[in-house]
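Visitor: Pasting in a structure now, in structure tokens, and then I'll have a few things to ask.
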Amino acid sequence: MLTKAENPSLLLKDKDVSPVLRLYFDLAHLKQVYRKGWLERGIPASRCESVAEHTYAAAMLALLLIDWFPELDRLRVLELALLHDFGEVGAGDITPADGISRQEKLQREHDSFSRVLNAWPDRDRCLALFEEYERGESKEAKFVRQVEKLEMALQAGVYQSQELGRLEEFLDSADEAVEDPLLRQILDELRAVLNQSGV
């Protein structure tokens, strides 16, 4: 796992602390776990976003866009967006370059999620939300999965505009995942802006 520093929850090892403190220290680790796909494409570590930064941006994007989708449950969307990468606390950001099957990736993230929330009173509900996102069957999960891919494409656009690399493959990946016409408009606008500016 590529990180900026070791997991701060190690400081709590063998200490009798509240579930809130333990959970926060694990959660804080996501601020240190690199979004490894960017590093693999040459984005310098000093400029590479963390998993927590991606999660925040995806949740904010979902919050900003939710009014376009009145049929969706706002709270459920935000919970899914905030929890979708929580399994990466222990599993790290696994990318296709790691050669790990999708099933193995999901199992590692599920195990990590279960471990981190082990003593949390609302553990089962949170785990059910995590699994709902992974299955992608509910309308809220489908929306959040598309927003997550859209956020990835937008971040690729930011990096390209900062001349940190040519990252069209991330826009292409989002093209495959983003189906909703309103979300596609944003993706198409991003492509147009990048093409006009020549980056």
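The values are calculated or read from the model by the stated rules, or taken from the named source; none is laboratory data. Keep in mind that what you see is a predicted model, and the values were worked out from it rather than measured. Every residue, glycine as well, gets a Cβ built from its backbone with ideal geometry; the counts of neighbours run over all protein chains shown.
Visitor: Within the range 73-108, which residues are crowded, with 19+ Cβ neighbours inside 10 Å, in a loop (DSSP other than H, G, I, E, B) and of a type outside the set (Gly, Ala, Ser)?
Guide: His84, Asp85, Phe86, Asp93, Ile94
Visitor: To continue, here is another question. Tell me, which residue of the range 109-135 that is loosely packed, with under 15 Cβ neighbours inside 10 Å and without any contact (Cβ under 8 Å) to a residue 12 or more places away in the chain is nearest to the chain's Cα centre (by Cα)?
Guide: By that ranking, first place goes to Arg135.
Visitor: With respect to Leu61, determine if the residue is at pLDDT 95 or above, within 18 Å of the chain's Cα centre (by Cα), assigned to a helix (DSSP H, G or I) and under 26 Å from Leu167 (Cβ atoms).
Guide: Yes: the conditions hold for Leu61.
Visitor: Within the range 37-58, how many residues turn out to be of a type in the set (Val, Ile, Thr), touching a residue at least 40 places away in the same chain (Cβ under 8 Å) and assigned to a helix (DSSP H, G or I)?
Guide: So the answer is 1.
Visitor: One residue is enough: does the range 54-70 have a residue meeting the conditions in contact with a strand residue (DSSP E or B) (Cβ under 7 Å, 6 or more places away or on another chain) and closer than 27 Å to Lys142 by Cα?
Guide: no
Visitor: Let me ask another. Of a type in the set (A, V, I, L, M), more than 19 Å from Arg74 (Cα to Cα) and either assigned to a loop (DSSP other than H, G, I, E, B) or in contact with a strand residue (DSSP E or B) (Cβ under 6 Å, 6 or more places away or on another chain) (or both), is that true of Leu190?
Guide: So Leu190 does not fit the description; no.
Visitor: Somewhere in the range 14-36, is a residue in a helix (DSSP H, G or I) and within 12 Å of the chain's Cα centre (by Cα)? Let's see the steps before the verdict.
Guide: From the range 14-36, those in a helix (DSSP H, G or I) are 19-29, 36; that's our starting set.
Restricting the remaining residues to those that are within 12 Å of the chain's Cα centre (by Cα) gives 36.
Yes, some residue in the range 14-36 is in a helix (DSSP H, G or I) and within 12 Å of the chain's Cα centre (by Cα).
Visitor: Can you name the residue in the range 152-184 that is aliphatic (A, V, I, L, M) and part of a loop (DSSP other than H, G, I, E, B) and is also surrounded by the fewest Cβ atoms within 10 Å (Cβ to Cβ) among such residues?
Guide: Leu164
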